[in-house]
Amino acid sequence: LHRVDRRQRQMCIRDRTKVNEAFANIKKPLIAMIRGFCMGAGVGTALHADIRVAAEGSQFGVPAAKLALGYPFKNMKKIIDLVGPAKTKEIVFTGRRYSGEEALAMGLINQLVPADDLDEVVLELATTIAANAPLTILATKVIVAEAAKDPDDRDVAYCDVLVENCMLSEDFKEGRTAFMEKRPPVFKGK
């Protein structure tokens, strides 16, 4: 029985690692639209998003201490980087539920909106982002991810290449031209 449990745990860890790597490799902005309960692994999943928007009435929590669960360093670092060490300890030590207002105040979510407006707000946010320069969005996403890493693990040279790609792009020319012509730019990601 012990061997089966250990094997199952190892498979679960491998699967979770693959999922985390898949989230980390998404090149497009990822928006989490949260309605209702966002607990435990739900919070972990939402932490992979670049932006988190929740409906009023949503509740958040990480009840690991009530279940004798431990979270790997990389997972804990995501929440620590977002809400800070003291708030992370409070969230995990107590295992309590937090309201959407509390989640917003601690920085766990970016926006809290009326439940009836959630779809519209997220669609508008996604549309706004999609209208902007894809190369700039990618560079920003990569640079923010690199900044969260330990200094010795950062690929600053790659970040510099992404910034240079922006400056040398057709989109940069289009952005300047559109600004001068007082019209919305039409970016192509080139």
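Where a number appears in this text, it was derived from the coordinates with a stated rule and is not lab data. Nothing here was measured: the structure is a model prediction, and the numbers come from that model. As a convention, Cβ positions derive from the backbone with ideal geometry for all residues, glycine included, and neighbour counts pool all protein chains shown.
Summary of computed values
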quantity: Descending Cα extents along the principal axes, the stretch 38-190, whole Å; calculated: 57, 45, 19
quantity: Calculated P(r) of the stretch 91-131 - Cα pairs past 14 Å, %; calculated: 60 percent
quantity: Cα centroid separation - the stretch 53-100 against the stretch 115-190, whole Å; calculated: 29 Å
quantity: Neighbourhood charge, 11 Å Cβ-Cβ cut-off, centred on LYS77 and excluding it, Lys, Arg +1 and Asp, Glu -1; calculated: +1
quantity: Residue-averaged [θ]222 nm for the chain, counting only DSSP H segments that reach four residues, each worth -39500 (n - 2.57); calculated: -18000 deg cm²/dmol
quantity: Cβ-based net charge around MET167, under 12 Å, with every Lys or Arg adding one and every Asp or Glu removing one; calculated: -2
quantity: Inter-label distance for GLU170 and PHE93, nm, one decimal - labels placed 7 Å from Cα along Cα-to-Cβ; calculated: 5.6 nm
